[in-house]
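In what follows, a structure is listed as C-alpha cells, so that the remarks can point back to it.
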Amino acid sequence: MKQRVQRSNEALVVQENRSDGNEVSVKVGMSSKVDRRQHSIDWLRVWPFISLHIACLAVFWIGWSAVAIGTAIALYVVRMFAITAFYHRYFSHKSFKTSRSLQFIFAVLGASATQRGPLWWAAHHRYHHRTSDTLEDPHTPRHGFWRSHCGWFLGRQYFRTQENLIKDFAQFPELRWLDRFDLVVPVVLGTSLWLAGEYLGHAYPDLETSGLQMFVWGYCISTVVLIHATLSINSFAHRYGSRRYKTSDDSRNNFWLALITLGEGWHNNHHHYSGSVRQGFFWWEIDISFYLLKVMQWCGLIWDLRPVPERKKWSHQQRESAGIASGELVSGELMSEEPVSGKLVSGKLASGKLVSGRLVPGEVLS
Ligand SMILES: [Zn+2]
Ligand SMILES: [Zn+2]
C-alpha cells in the first residue's frame, strides 16, 4: 500500500493506493495523537449500557418461557424496523415522507431501542456519511474494531447532538423532548414488560412466566442483541463483504448483515446512493424494511418514496463497459460520486480524464 501525504491549510490528506486498486483519500482534520486523547470513555454516563449487558446474565436464574422469548423476538423486529426505516432512512436520509403523528410514533419506537434519541442518532449518521472512513468519521473501523463498534458513542465528544446537522427535524419540539430525555421510553418499556409479566404469571400460570423473566428477555436480551446488530453496520459492514460500487469509503454489501438488520447490510449500495428508500438495489438483495415500507405506502401511511435512479443502479456496469470500449484501462479508477482522473490507452497513447465512464480529451494527465 502506497501512501501520499499532502498538507493543506487545515487538514492533512493521506491518499492510499490500496492493493485492490482503489485510491482512497483520507482527510485528517487533526493528528491521530490528538484524536486519541479526545476519545476518552465517559464511564459515569455509560453505566446504563454496561448494566444492560450484566442484566442479561439473570437469564441463568429466571429461565425461559415461550411467551418471554416470543416477546423478545417481536420487540427485536418492531424496533429494528423503527431504527432502519425511520431513524436511518427517514430521519437521517429523508428517503420518504410521512405525517407528523407517524413521525413521532416511530421516533418513540426507535427511542425504545435504547440507541439515544432520533436527532442524536440521525445527526451522527449524517456526519458519518460526510466523513466516511476518514479519521473524522466517528465509527470507521480504521480507528480499530471495538472503537468503531461501540467505543465511539461511549466517548465524551459524541454525547452531544450535533444540532447543526439536523436542523430540519430539530424544529419539532416533541422530537427535541425525546432527544433530551432519551432514557424515558426505554424505562417505560422495561417497566411495562415487568408489570405485564407479573400479571401473566398470576392470571395465566400455565404460561410459566414472571415479571423478571419478561423484563430480562423482552427488554434486556432483545435490546442488547438489537443494539449490537445495529452497530455491526458501522463495524462489520465497513470491513467484511463485497464492493459492487467503488465508493470512496470502505463500505461493503453483506447478505448476513442484511438479514439480521432487515436490509441495512447492503451498505455499499447505501453509500453509493444514500437517498434511496431501498438498500437492496436488486430483487435478490433481501431488504425487509423496504418491503414493510411499501406496505405502509399502499396503506397511505407514507408517500414520496425515493427510488434509486437507474443511472446510479447500473453505474458499475457502465464503468466496466466504458473501459472495454475505450481501450485498456491502464490506471485510474472511476469512483462513484467524484470524477477520478485516470489514463486510458486506446491504440496509440491517449491520455484524458475519465468522467462518468467517458474519455474526455484535452486534459493530459501524468
Ligand atoms: Zn457506513
Ligand atoms: Zn445512511
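The values are calculated or read from the model by the stated rules, or taken from the named source; none is laboratory data. Just so it is clear, the structure is predicted and the values come from calculations on it, not from any experiment. Cβ sites come from the backbone with ideal geometry, for glycine too, and all protein chains shown count toward neighbours.
Here is how the numbers come out for the structure above:
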| read-out | value |
| --- | --- |
| Subset of region 265-278 (residues that are within 14 Å of ligand 1 (Cβ to nearest atom) and either assigned to a helix (DSSP H, G or I) or in contact with a Leu (Cβ under 7 Å, 6 or more places away or on another chain) (or both)) | G265, H267, N268, N269, H270, H271, H272 |
| Conditions (1) closer than 25 Å to I105 by Cβ; (2) among the polar types (S, T, N, Q); (3) at pLDDT below 95: number failed by S276 | (3) |
| Matching residues, region 279-300, being away from ligand 1 (no atom under 14 Å from the Cβ) and in a loop (DSSP other than H, G, I, E, B) | G280, F281, F282, W283, W284, E285, I286, D287, C299, G300 |
| Some residue of region 256-266 being within 15 Å of ligand 2 (Cβ to nearest atom), in contact (Cβ under 8 Å) with a residue 40 or more places away in the chain, among the small types (G, A, S) and assigned by TED's automatic domain parsing to the domain that holds H124 | yes |
| Qualifying residue in region 120-134 (condition: farther than 23 Å from S222 by Cα, more than 13 Å from ligand 1 (Cβ to nearest atom) and of a type outside the set (G, A, S)) | no |
| Exclusive hit being at pLDDT 95 or above and either surrounded by fewer than 22 Cβ atoms within 10 Å (Cβ to Cβ) or away from ligand 1 (no atom under 16 Å from the Cβ) (or both), set L183, L195 | L195 |
| From A107, A123, residue being more than 14 Å from ligand 2 (Cβ to nearest atom) and either buried (at least 22 other Cβ atoms within 10 Å of the Cβ) or under 23 Å from A237 (Cα atoms) (or both) | A107 |
| Some residue of region 97-112 being in a loop (DSSP other than H, G, I, E, B), away from ligand 1 (no atom under 16 Å from the Cβ) and under 18 Å from L226 (Cβ atoms) | yes |
